[in-house]
Structures are given as structure tokens and as C-alpha cells.
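Worksheet: the structure to be examined is printed underneath.
Only the coordinates and a few stated rules stand behind these numbers; no lab work does. From a predicted model like this one, the values you see are computed outputs, not experimental measurements. Backbone-built Cβ (ideal geometry, glycine too); neighbour counts: all protein chains shown.
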Amino acid sequence: MARRPLQPLDFTLRHGKAWQRSRLAFLTFSVVLTVGLPLWHLRALDGHSRWSGLASLFPTAAPPFVGAPTSILVWVVELVDPAEALAVAMFRGPSWVLVWTVLPGVALVMLLGRFFCGWACPYLPLLAISNAARWLLRRMGFEPMDRRLPRVTSRVVLVGVLGVGAMLGVQVVPLVYPPAIIGREAFRLVFTGSFGVGALMVLGAFLFDTFVSRAGFCRSFCPGGAMFSVVGTFSPLHVHNERSTCTDCTACHVVCSLGQSPMTNRLDSGCERCGKCVAVCPTKALSWKVTR
């Protein structure tokens with residue numbers, strides 16, 4: 001009988017626990033902000049919906065945040081996702097206001113790389129469920145596909161949605177970008193009690209990741225991920241493999257959702273700095289390095 005392929009859930013994250021705890025805390029904050037902000041607004045506006053009971057847990061004062069997670073106003077400071085900012089610039093033209101709103105995010109990505117995808121994206125819990133479903137399906141004897149598209153696919157998608165948006169005068173990025181969709185659908189669910197068409201988009205991404213390509217949407221179709229990869233090219237933070245202690249066990253390859261190759265030191269700007277490859281390495285051959 002053929003041996004079933006290894007899956008991320010077959011491994012334990014043994015090392016780098018501080019890194020993983022920090023990542024989990026940051027992700028938890030992002031998800032709570034995405035889901036909790038609509039409830040807080042509902043409470044502040046004294047609105048009524050089926051979620052009013054949960055909204056009563058929040059203060060009656062207006063929340064200091066507006067938006068989330070790809071475009072958020074924190075008191076008087078507005079932060080905009082680079083992909084959405086570029087889409088707005090191509091639609092309305094560049095402006096200094098837009099530059100200042102996107103600058104903090106661009107600086108962080110240039111420093112830390114594609115970290116948003118591995119640390120803050122609200123789609124990550126769904127991706128974890130997808131990976132668990134793939135693991136369970138294999139345990140039941142069903143082998144989901146894992147098609148790998150060329151790495152350039154995501155950048156073609158990014159250029160495509162930006163170009164279509166500019167030509168048609170429509171903001172396409174927020175319509176196909178899971179973090180933007182999830183934030184929008186959270187507000188819709190709280191205030192209207194139902195999901196919109198965007199939920200179908202997220203469901204389609206989840207089904208694609210589960211049955212066609214593991215993390216395939218994030219790797220090949222997400223315009224925000226593609227933008228972070230482009231800007232993150234300049235990041236000095238990288239995973240380094242000390243070949244003298246590496247046993248070529250492939251554990252790091254298996255746990256990587258974005259198709260990187262830590263075992264052979266072939267990592268590009270698609271690395272999301274999740275640190276799972278470092279944490280799973282049995283010989284601690286992998287470590288973080290800051291390079292010029």
C-alpha cells in the first residue's frame with residue numbers, strides 16, 4: 001500500500017515558541033478586531049440585530065477604530081493596505097494623502113517581508129481549517145489534489161485586477177481580496193443578519209484550497225499577497241538553512257503553505273515569515289538571519 005503524503009498536521013512545532021506565540025497573539029488581535037469592530041459600532045449606535053447580545057459586551061462609547069482590516073482609521077491616523085492604495089491611485093490618481101496612509105504599511109513590509117499573510121490575515125483561521133480538512137480527508141482514504149501554478153500567476157492576477165479596475169473605473173481589488181471581503185462581510189452580518197456575495201468568494205477560495213491546491217488561493221490568486229511579495233523583495237529578514245546540520249527530512253517543505261523551499265535555501269519574497277519551518281526543524285538547522 002502506498003504511503004500517504006505527509007501533511008502539516010503530521011508535525012509538531014517544537015522550537016521558536018516565543019515567535020509562534022507572538023504570531024498567534026497578533027493574529028488573534030486581527031481576527032478579534034475584524035469580528036468585534038462591527039459589534040462595537042452596533043453597540044455605540046444603539047442598533048438592534050440578532051447580535052445585540054454580543055454587542056452589549058462592548059462599551060457604549062464610539063470605538064477608536066473605523067474600518068479593518070485592510071483600511072483602518074485609528075483615532076486620526078489612517079492606514080491603508082498597499083494593494084488597495086495602488087488600486088485607488090490608478091482609479092483616482094496619486095495623492096499625498098494616499099502616500100501617507102500607505103507609507104507605514106509599505107515600510108513594515110519592506111522590513112519584515114510578506115508578514116501580513118502569516119501574522120494578521122483574517123483568512124488564516126479558514127486556511128487552518130482547510131489544512132485540517134485535507135489531513136482528515138487523507139486519513140479517510142481520499143486524496144485531494146494539490147495543483148501548483150507558476151509563481152508568476154499571483155503577479156499576473158495583481159496586474160490584471162489593477163488594470164481592469166483602472167479601465168472600468170471599478171475598485172476590483174476589494175472585491176477579490178479575502179481580508180477586505182471578510183471585513184466587509186463581518187459588518188454586513190452584524191448589521192443586516194446575512195452574508196453577501198463576498199461570502200461566496202471566500203467560500204470559493206476555501207474550497208479551492210481544500211480540494212484543488214493547498215493554500216493555492218493565497219499562493220497564486222491573492223492580489224494583496226502578490227503586492228506584499230513585490231514590496232517584500234527588499235526585506236532583510238530571511239530563513240537560513242545551516243546545511244551541515246540539515247538532514248533533508250522535508251518537514252520544513254511540508255509545513256510551508258506558500259511553496260517555499262527552506263531545505264534547499266531557495267526562498268523568495270513569497271515567504272510569509274510565519275516561522276513554522278524554523279519551529280518544525282528537528283535539528284534546528286533553520287534560523288532567522290538579517291542580511292543586507
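Tabulated data
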| item | result |
| --- | --- |
| Folded to 0 to 90 degrees: helix 96-112 orientation relative to the chain principal axis, Cα | 20 degrees |
| Gained length - LEU103 relative to ASP146, 0.36 nm times residue gap less alpha-carbon distance | 11.8 nm |
| Cα convex hull of segment 12-112 - mean projected area over all directions, nm² | 9.7 nm² |
| Three-way shape call for segment 143-231 based on the alpha-carbon gyration tensor, with the a/c threshold at 1.5 | oblate |
| Degrees separating the helix 17-44 axis from the principal Cα axis of the chain, which is the longest one | 20 degrees |
| Order of ARG184, ARG50, ARG43, ARG134 under a 10 Å beta carbon neighbour criterion, fewest first | ARG50, ARG184, ARG43, ARG134 |
| 10 Å-binned pair-distance histogram of segment 237-290 (Cα, whole percent) | 28, 64, 8 |
| Point-to-point label distance, VAL156-ARG188, nm (Cα→Cβ direction, 7 Å offset) | 2.9 nm |
| Length added when fully stretched, SER56-THR28, from 0.36 nm per residue minus Cα-Cα | 8.0 nm |
| Gap separating the Cα centres of segment 267-292 and segment 124-146, nearest whole Å | 24 Å |
| Karplus 3J(HN,Hα) series, Hz, for segment 124-129 with 6.51 cos²θ - 1.76 cosθ + 1.60 (x for Gly, Pro) | 4, x, 5, 5, 5, 5 |
| Nearest-20 debye value, the chain charge dipole, Cβ charges on Lys, Arg, Asp, Glu | 860 debye |
| Separation in nanometres of the label points that stand 7 Å from Cα toward Cβ, at LEU137 and LEU207 | 1.2 nm |
| Added length on full extension, which subtracts the Cα-Cα distance from 0.36 nm per residue, PHE65 to LEU200 | 45.9 nm |
| Identified option (computed Cα extents along the principal axes in Å; candidates (i) 72, 44, 39; (ii) 57, 40, 39; (iii) 59, 43, 37) | (iii) |
| Quarter of the Cα convex hull surface for segment 140-292, i.e. its orientation-mean projected area (nm²) | 12.2 nm² |
